[in-house]
Amino acid sequence: MVAQNVSHDKGAPEPAGPSAWLRIWLTPTGIAAALTIAFLLHPFLPVNIVIPPDVYLPLHSAMEFFAMAVAFMVFAVGWTAYRSKQGEPLLLIVAAFLTVGLIDFAHTMSFPGMAAFVTPNSTEKAIFFWLAGRYAIAMALLATALLPWQPFSKPASRYFWIGFGLLYVALVYWIGLFHLDWFPRTWLPGLGL
């Protein structure tokens, strides 16, 4: 008896099995779904994750620097890929990511345990910079939703949003470093937030 050469049709679905499920869950959509499920189930699980203080600072710094790298990459790609026919809201988002990246840098450097960032570091100083960054991206997303999607009338006007974002960063740095007392307390030692 002669063995026959069996060829599989390339268009035929592969048999279901553990590797098929693994391929589904290792896609970006699968990972996002798994993280969403874990987030939703977290309050009901008897797991209390405590990060030791000696591990928290380097872990926090690594995660913040990763977030900054992503923000700066979004800015770099959006700025260099921009074409004059694209809408103004696109540049607003691009400038917002530059703004948030710079403010997140101040947040990371102001965290207690890091070397003094111009003035002595404190939890309250770090919280101020974190809130300023979240406020910037929230306002940029709101403005993007409300602005009409039309191209700039002049190519040079694309620098408006970058200038506006850098002015905001300068104001936030000045207040966060030298005039934090102008704002209500966000952290009380022994009490928390």
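The values are calculated or read from the model by the stated rules, or taken from the named source; none is laboratory data. Bear in mind the structure is a predicted one, so any value in this text is a computation, not a measurement. Glycine also receives a Cβ, built like all others from the backbone with ideal geometry; neighbour counts cover every protein chain displayed. Side chains included, ligands, DNA and RNA excluded: accessible areas come from the protein's heavy atoms. Shrake-Rupley method; radii C 1.70, N 1.55, O 1.52, S 1.80 Å.
Computed from phi, the 3J(HN,Hα) profile of the stretch 141-150 under the Karplus parametrisation 6.51, -1.76, 1.60 (θ = phi - 60°) reads 5, 5, 5, 4, 5, 8, 6, x, 8, 9 Hz, with x in place of Gly and Pro. Taken about its Cα centre, the stretch 63-190 carries a charge dipole of about 400 debye when Lys and Arg each add +1 at the Cβ and Asp and Glu each add -1 at the Cβ. Just the protein heavy atoms count here, and of the accessible area of the stretch 65-153 at 1.4 Å, carbon and sulfur take up 75 percent. Karplus-derived 3J(HN,Hα) values for the stretch 111-119, using 6.51 cos²θ - 1.76 cosθ + 1.60 with θ = phi - 60°, are 5, x, x, 7, 4, 3, 9, 6, 10 Hz; glycine and proline are entered as x. Multiplying the residue separation of residue 23 and residue 154 by 0.36 nm and subtracting their alpha-carbon distance yields 42.4 nm. Per residue, the convex hull spanned by the Cα atoms of the stretch 74-152 amounts to 86 cubic angstrom. Pairwise Cα distances in the stretch 22-121 exceed 24 Å for 52 percent of all pairs.
Restricting the trypsin sites (Lys or Arg not before Pro) of the stretch 87-193 to loop positions (DSSP other than H, G, I, E, B) with no more than 14 neighbouring Cβ atoms within 10 Å leaves 185.
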